[in-house]
Amino acid sequence: MDQPRGRAFYLLAAVFALYVVFLYGPTLTILALSFQGPSGGLTFPMNGLSTHWFAKLWEGVGVVDIWAALRRSLALGLVVMALTVGIAFYAGLAFRKGFWGAGLVFALAVSSLIVPSIVVSLGIGLEFRLLDDAIKALAAATGWGFLQDHGTLMGLYTSALGAHLTWTLPFGLLIMFAVFNRFDPAYEEAARDLGASGPQTLRHVVVPILVPALVGVALFGFTLSFDELARTSQAIGGRNTLPLELQGLTTTVTTPEIYALGTVTTAVSGLVIGTALGLTLWLQKRRARRALAGL
Amino acid sequence: MSGLTFPLPPVGRGRGGGGADGTAPLDPDPPPPPAPPHKEEESRVAPFRPRRSLAYLQAAPLALVFLIFLVIPLVLTGIVSLWEYNEYAIIPALTLQNYADLFDGCLSADLCTTLRTYLSTVKFVVLTLAITLPLGFAIAYFLAFHIRSGTVRMGLFLLCTIPFWTSNVIRMISWIPLLGRNGLINDTLRALGLIRQPIEGLLYSDFAVVLAFVHLDTVFMIVPIFNSLARIDRRLIEAARDAGASGAQILWNVILPLTKPGIAIGTIFVTTLVMGDFVTVGVMGGQQIASVGKVIQVQMAYLQFPAAAANAMVLLAAVLLMILGLTRMIDLRREL
């Protein structure tokens, strides 16, 4: 492999460079255009440099309460993140031990990735509508007071949360598989030989070793939820998440305000990605340092 | 019990160790079974025998989520697709009318709407695959075979995956300032004197839709193909070279066959993403282009649930058939 760089290298390097430009170029364009001057439009040239459109955005976009949507998306993202990390971690442990039906559960996880999002979303939407109908029928039949003004079970932390989990959990699970596959059981055996109980081994040996991977699962959990659109679309009640509002705005907003919103959203994602990657690097460095100190 | 140990696909490789390299969805190589507890070991450390019952408890939340939010919804969709409906309500009475409506007139000479919509969607699948597959392969190949430093490789790999964690809608609208009537591309071409009138139909067209698909989905090709490439034993390539194979022959006869699983996984991902899409086609097509997903979305908006459910079942069947076709071409089950 240590031959001099051939023609193929430079050709492929050019393809790669062009791809990266293609990947990041457009987003960088709207980041720049969101600082458009007050008289500027959706395209270049920039008419001055200002934070005018961010100020406009701060006041709100038409009838849509964009900040409430952002808060909802952030909150849901955090809940999805926590659940994804917890559920995927324990499922990873279970798969490692092996259990009856493991193959089936794995097949479900893969299906969850492969079934088109609109189908999953529609299914969850139908499920909750039928559930509402059933509750209303029950209320009518029994006359139970607490059921009488039942609205809908569909909502951010019910149907939408479930829809997001069908998307984030398979990724979380696959990451757990990857890390458990290169996890050396000798560490656990050593802990047990030293008298640690099961929970102690988990808490003081397994989790600390897996922390970087868990940060990765958290990253997937939050970002995939924060930007999720297709699976949420039919599985949410009246109050939309940010991506849904954003999709609606693409047809109605004709000012750089939408770019400003794009900049804000991308900044949130960027902050989360940066934190996750930084944390992983820091954890690895610290571990390397401690390993050296231990010698 | 060890016969039940599950062939877990190891994802990502030893590099970097961060969760980030776990982006690789499925791994091709038949992995070693994930170290089932050995019999002798079990007896040796008898008090610490792994408790199976605990495994059920640990896997239960995952299984429950998929049961409640995947299995039951799909079953209900199937049932509701067989129900009647009117303008006000859905009626739990068995009928095949929804499917009949769906394929109404499909046997006549000019195609029915459903078939035309599917053809249009399949066209997007084919075009997107035709671009993302070679592009994804080239990039994955470059990273796996031409980058010598592991750290640099990891960095460049991350560079390709970071946009995956940002908003798709934002990434779509970010094409407006480039493709628009007075966008950067038209302006540049005019400034260069190559065109007089701005090219219409850069934005809100089939072209824009495919461009956005390539923009959003190439990463789903890069990651599994990269994963396959990275696992190829380099000695095989040296052996081929020693036996006198040319670079092209090595690529075609050694590398490509070993990369098939990655290619298959990437193709499956891109196919299902494009087949079920309604957001990209909506935003990039200016809400003017039909797609199967969009039909379903519109029917849901008009509360025609049984019709939407029938459409969803047909879409699911179509996607599963396509995946089946792909897995027949490549023996994926053995690889997983």
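The values are calculated or read from the model by the stated rules, or taken from the named source; none is laboratory data. Worth saying up front: this structure is predicted, and the values here are computed from it rather than measured. Every residue, glycine as well, gets a Cβ built from its backbone with ideal geometry; the counts of neighbours run over all protein chains shown. Calculation scope for accessible area: heavy atoms of the full protein, side chains included, ligands and nucleic acids excluded. Shrake-Rupley method; radii C 1.70, N 1.55, O 1.52, S 1.80 Å.
Residues in the stretch B:226-268 that are open to solvent by 50 Å² or more (accessible area, probe 1.4 Å) and of a type in the set (Phe, Trp, Tyr): B:252 alone. Going through (1) open to solvent by less than 40 Å² (accessible area, probe 1.4 Å); (2) more than 7 Å from chain B (Cβ to nearest Cβ); (3) touching a residue at least 24 places away in the same chain (Cβ under 8 Å); (4) out of contact with any Pro (no Cβ under 8 Å at 6 or more places or on another chain) one by one, residue A:129 falls short only on (1).
Inside the stretch B:128-184, residues that are open to solvent by 50 Å² or more (accessible area, probe 1.4 Å), more than 7 Å from chain A (Cβ to nearest Cβ) and either among the β-branched types (Val, Ile, Thr) or under 26 Å from residue A:268 (Cα atoms) (or both) make up a count of 3.
Out of everything in the stretch B:49-89 that is of a type in the set (Phe, Trp, Tyr) and over 16 Å from residue A:102 (Cα atoms), what residue ends up being modelled with the highest pLDDT?
Top of the filtered list is B:69.
Consider the stretch A:58-72 and keep the residues that are away from every other protein chain (no Cβ under 14 Å) and in a helix (DSSP H, G or I). The one that is farthest from residue A:243 (Cα to Cα) is A:59.
For the stretch B:53-85, taking the residues that are in a helix (DSSP H, G or I) and among the hydroxyl-bearing types (Ser, Thr, Tyr), the one that is farthest from residue B:300 (Cα to Cα) is identified as B:53. The set of residues in the stretch B:61-89 that are open to solvent by less than 40 Å² (accessible area, probe 1.4 Å) and either touching a strand residue (DSSP E or B) at 6+ places or on another chain (Cβ under 8 Å) or among the aliphatic types (A, V, I, L, M) (or both) comprises B:62, B:63, B:65, B:70, B:74, B:76, B:80. Note on the stretch B:90-116: residues that are open to solvent by less than 70 Å² (accessible area, probe 1.4 Å) and assigned to a strand (DSSP E or B) total 3. Pairs linking a residue in the stretch A:149-161 that is without any contact (Cβ under 8 Å) to a residue 24 or more places away in the chain to a residue that is outside any helix (DSSP H, G or I), with Cβ atoms under 9 Å and 6 or more positions apart or on different chains, are A:151/A:237. Listed by position, the helices (runs of 4 or more DSSP H) inside the stretch A:157-244 whose residues that are facing another protein chain (nearest Cβ under 10 Å), open to solvent by less than 10 Å² (accessible area, probe 1.4 Å) and over 25 Å from residue B:293 (Cα atoms) number at least 2 are A:161-181, A:207-226.
Here is a yes/no grid of residues against (1) without any contact (Cβ under 8 Å) to a residue 40 or more places away in the chain; (2) more than 8 Å from chain B (Cβ to nearest Cβ); (3) within 30 Å of residue B:78 (Cβ to Cβ); (4) in a loop (DSSP other than H, G, I, E, B):
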site	(1), (2), (3), (4)
A:20	yes, no, no, no
A:27	no, no, no, no
A:38	yes, yes, no, yes
A:44	yes, no, no, yes
A:74	no, yes, no, no
A:87	no, no, yes, no
A:100	yes, no, yes, yes
A:111	yes, no, yes, no
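Within the stretch B:302-312, the set of residues being open to solvent by 10 Å² or more (accessible area, probe 1.4 Å) and within 9 Å of another protein chain (Cβ to nearest Cβ) comprises just one member, B:305. Residues in the stretch B:272-293 that are assigned to a helix (DSSP H, G or I) and more than 9 Å from chain A (Cβ to nearest Cβ) were compared, and the one that is surrounded by the fewest Cβ atoms within 10 Å (Cβ to Cβ) is B:281.
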